[in-house]
Amino acid sequence: MAALLTVRDLSMRFGGVVALNGVGFEVARGSVTALIGPNGAGKTTVFNCLTGFYRPCGGAMRLSYADGLQVDLIEILGGPFRWRDLSSPRAFGRRLYYKMFGGAALAARAGVVRTFQNIRLFKEMTAMENLLVAQRARVNNQLLAGLLESASYRRAEAEAVERAWYWLDFFRLADDGNRLAGELPYGRQRRLEIARAMCVGPRLLCLDEPAAGLNPNETRELSEWILALRRGHGVTVCLIEHDMGLVMEISDHVVVLDHGQVIASGRPERVRDDPVVLEAYLGAPGEEGW
Amino acid sequence: MSFHIFVQQVVNGLVLGSVYGLIAVGYTMVYGIIGMINFAHGDVYMIAAYLTAIFLAALTLLGVQSPPVIILLVLLLTIAVTALYGWSVERIAYRPLRHSTRLAPLISAIGMSLILQNYVRLSQGGRTQGTPTFLDGSVRLFEQGPDQFVQITHAQILIVVMAVLGMGVLWYLMQATAMGRACRAVQQDRIMASLLGVDGDRVISLVFVLGASMAAVAGTLVTFNYGSFDFFIGFVTGIKAFTAAVLGGIGSLPGAMLGGLVLGLSESIFSGLVNTDYKDVFAFSLLVLVLIFRPSGLLGRPEVEKV
């Protein structure tokens, strides 16, 4: 399968601390790819780089969609100037444009959307409003159109509301549409966050520990939902997860990080039996179990 | 104090309060969205007063006679140009400092305030200037003799009506439209909003434009009412409006209006009951008292730090 996301040589330093050191992996189109590794291995840092939360110090991140669209994530996040930009005014202009106007919002528009380990809903807005905010591309954000309720504004709002209901239904949150997001129970907040990410219209959905704090039943439901998203909505999923049961069950490809480097990658069962991985997790070679 | 004087002071207080409220909105919205005090906001109000005089003169020169047309045109033109000032202030002085320390934009706000004041002083002169008062008709209520009446000028009525209207429109924008929703989202979590594709910078610019527009409404109407201004009026009025925003609970839109009204009314009634010299002392004592008992202001919500 062709790669949707190609990450090469990704590096991230915070002062003297090297968080990522030449990380490279691929996420195949339509796959579920899991990023695993011990605490502090740099998994969340990879997500932060992908979504424009951080500006990586070096490397390349490219998206290539089935319809032929290519996106250089480093560039749209406002990457640094390079010597060869000087040779072509066009490249220079693009670089300058993204320096000025680029950033996380463009990564989202290019189809990379994430959720957070610690839930980041807009707690003082209703569940419905949370989902509507995410549909920036669909709703009409013009001030005057909103004030005068122009026909196109109303049509756009109606479509956005309909789509929001679809996702609320999908994640069994239909009864909570008008409740404040902050008042929902924990498990529902997690679901609402994924629903909100889906409202952006992602092509690559990055889930950061989606099963953290969920009970076994909820985790099982979650894995069904993730598979349904991939099957029914053409979403490629990239997830960070500590629940190895979930990882083994739903992922097609596993990438193992340790100390900011990829130490293994491949099919889940192969990675599970890799001695290098066991050593990273347990600190001693040859021991059994996760 | 006679009944008539009291009612007159209440009327004056409501008018003053509406002006404070209109300006306070700019402080409170900006604070709500980026957590800084825009000290240049009072000077944006001052600019609006000058623009009003300029447009008034220009329209008269062009031979526009009918008062409603003049009011409407001057108001619209002033709002448009003042909004441009508000937008530029944010673009030039605050956006480049978005990711620096919290104090940096505060200092550049003070700098911006000085720049605007001196720019006007240089270009328009330092003297107090005036326009012929406009809309000087008035209504008299409770008339019982030559000195026994309550007088409300048409300009005062217009101020209160426009303040209510402006606040209504703003409230509707924030609560019921897609753009308002995006504003509230950015206010709660700017980074998350940008990860969902909402352009935070655009939303912040919009907030400055809206705040400046409200200040423009206040500047225009006050100029219609009093007819005199200088380059320094923005300072005192700005401080008062900022006080109103804090009194009402900074960050809260209805709080700004309420704070403005409370401040205006108490100032005005105090000057009627006691004397005018100490009205500012009274107003600020009131602020101190309110903040002792309600540290987050009248309508502000305390920030709960969750553990």
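To the nearest 0.05, what FRET efficiency results for residue B:138 and residue B:273 with a Förster distance of 30 Å applied to their C-beta separation?
About 0.80, to the nearest 0.05.
Quick one: work out the % antiparallel among DSSP beta bridges in the protein assembly as shown, nearest 5.
Of the beta bridges lying entirely in the protein assembly as shown, close to 65 percent run antiparallel.
Just order B:163-170, B:214-221 by mean Cβ neighbour count inside 10 Å, highest at the front, would you? Mind dumping the intermediate values first?
Working: B:163-170: 17.1, B:214-221: 30.0.
In decreasing order of mean packing, B:163-170, B:214-221 become B:214-221, B:163-170.
Pick from A:102, A:59, A:146: which residue has the top mean-square fluctuation in a GNM of chain A where Cα pairs under 10 Å get a spring?
Answer for the Gaussian network model of chain A: A:146.
May I ask you to list, by number, the DSSP H helices of chain A whose Cα span along the axis is at least 24 Å and whose average Kyte-Doolittle hydropathy reaches -1.0 or more?
For chain A, where a helix must reach 24 Å along its axis and average at least -1.0, the hits are A:151-170, A:216-233.
If I stretch the segment between residue A:86 and residue A:6 completely, what's the gain in nm (0.36 nm per residue apart, minus their alpha carbon distance), one decimal? Don't skip to the end; give the middle numbers.
On the way: separation 80, 0.36 × 80 = 28.80 nm, distance 2.61 nm.
Contour length minus Cα-Cα distance gives 26.2 nm.
For the protein assembly as shown, count all C-alpha to C-alpha pairs, find those more than 30 Å apart, and express that count as a whole percent of the total. Let's see the in-between values first.
Values: 107579 of 177906 pairs.
Considering the protein assembly as shown, 60 percent of its Cα-Cα pairs are separated by more than 30 Å.
Quick one: dipole size for chain B, taken about the Cα centre, charges +1 on Lys/Arg Cβ and -1 on Asp/Glu Cβ, in debye to the nearest 20.
With only Lys, Arg, Asp and Glu charged at Cβ, the dipole is about 700 debye.
Pick from B:66, B:213, B:271: which is most flexible by mean-square fluctuation in a GNM of chain B where alpha carbon atoms under 10 Å apart are linked?
Between B:66, B:213, B:271, it is B:66 that shows the largest mean-square fluctuation.
Once the dipole of chain B is set up with Lys and Arg at +1 and Asp and Glu at -1 on Cβ about the Cα centre, which of B:299, B:65, B:238 lies farthest towards its positive end?
B:299
Within 10 Å of each residue's Cβ, count the other Cβ atoms and sort A:96, A:4 from fewest upward.
Arranged by neighbour count, lowest to highest, A:96, A:4 become A:96, A:4.
For the range A:72-132, which chymotrypsin sites (Phe, Trp or Tyr not before Pro) are both in a DSSP coil and crowded by at most 13 other Cβ atoms within 10 Å?
A:81
Counting only complete DSSP H runs, which helices of chain B cover 27 Å or more along their long axis at the Cα atoms and score a mean Kyte-Doolittle of -0.5 or above?
Correct list, ordered by number: B:3-34, B:41-61, B:67-89, B:103-124, B:154-176, B:200-226, B:253-273.
Inside 10 Å of the C-beta atoms of A:151-157, what's the mean count of C-beta atoms belonging to other chains? Numbers along the way, then the final one.
Working: counts 0, 0, 2, 0, 0, 1, 3.
Shielding by partners across A:151-157 averages 1.
Just rank B:240, A:43, fewest to most, by other beta-carbon atoms within 10 angstrom. Walk me through the intermediate numbers first.
Working: B:240 23, A:43 28.
With the sparsest Cβ surroundings first, the list reads B:240, A:43.
Build a GNM of chain A with springs between Cα atoms under 10 Å: which of A:90, A:190, A:155 gets the top mean-square fluctuation?
A:90
Residue B:294 to residue B:235: FRET efficiency via 1/(1 + (r/R0)^6), r the Cβ-Cβ distance, R0 30 Å, to the nearest 0.05?
0.65
DSSP loop GluC sites (Glu not before Pro) in the range A:140-211 with at most 16 other Cβ atoms within 10 Å of their Cβ, which ones?
Answer by residue number: A:149.
Helix-only estimate, please: 222 nm mean residue ellipticity of the protein assembly as shown, summing -39500 (n - 2.57) across DSSP H runs of length 4 or more and dividing by its residues, to the nearest 500.
One gets -18000 deg cm²/dmol as the mean residue ellipticity at 222 nm.
Over all distinct alpha-carbon pairs, what is the Kirkwood Rh of the range A:121-201 in angstrom?
Computed over the range A:121-201, the radius equals 12.7 Å.
If contacts are Cα pairs under 8 angstrom and at least 6 residues apart, what is the relative contact order of the range B:9-99 in percent?
The normalised contact order for the range B:9-99 reaches 24 percent.
Counting other beta carbons within 10 Å of each residue's own, what order do B:230, A:67, A:252 fall into, fewest first?
Ascending number of Cβ neighbours within 10 Å: A:67, A:252, B:230.
Determine the shape class of chain A: with a ≥ b ≥ c the square roots of the Cα gyration tensor eigenvalues, call it rounded for a/c under 1.5, and otherwise prolate if a/b is greater than b/c, oblate otherwise.
Here chain A falls in the oblate category.
How big is D, in µm² s⁻¹, for the range B:14-94 by Stokes-Einstein at 37 °C and 0.692 mPa s if Rh is the Kirkwood radius over C-alpha pairs?
234 µm²/s
Taking each residue in B:198-204, count the Cβ atoms of any other chain within 10 Å of its Cβ, then average. What number comes out? Write down the numbers at each step before the final one.
Details: counts 9, 9, 3, 4, 3, 1, 0.
So the per-residue partner count for this stretch is 4.
Which whole-number percent is the relative contact order of the range B:17-234 (Cα, under 8 Å, 6+ apart)?
42 percent
Calculate, in nm to one decimal, what residue A:28 and residue A:269 gain on full extension: separation in residues at 0.36 nm each, minus their alpha carbon distance.
85.0 nm
FYI, it's all coordinate maths here, none of it is from the lab. This structure is a prediction, so every number in the text was calculated from the model and none was measured. Methodologically, a virtual Cβ is constructed for each residue, glycine included, from the backbone with ideal geometry; neighbour enumeration extends over all protein chains shown.
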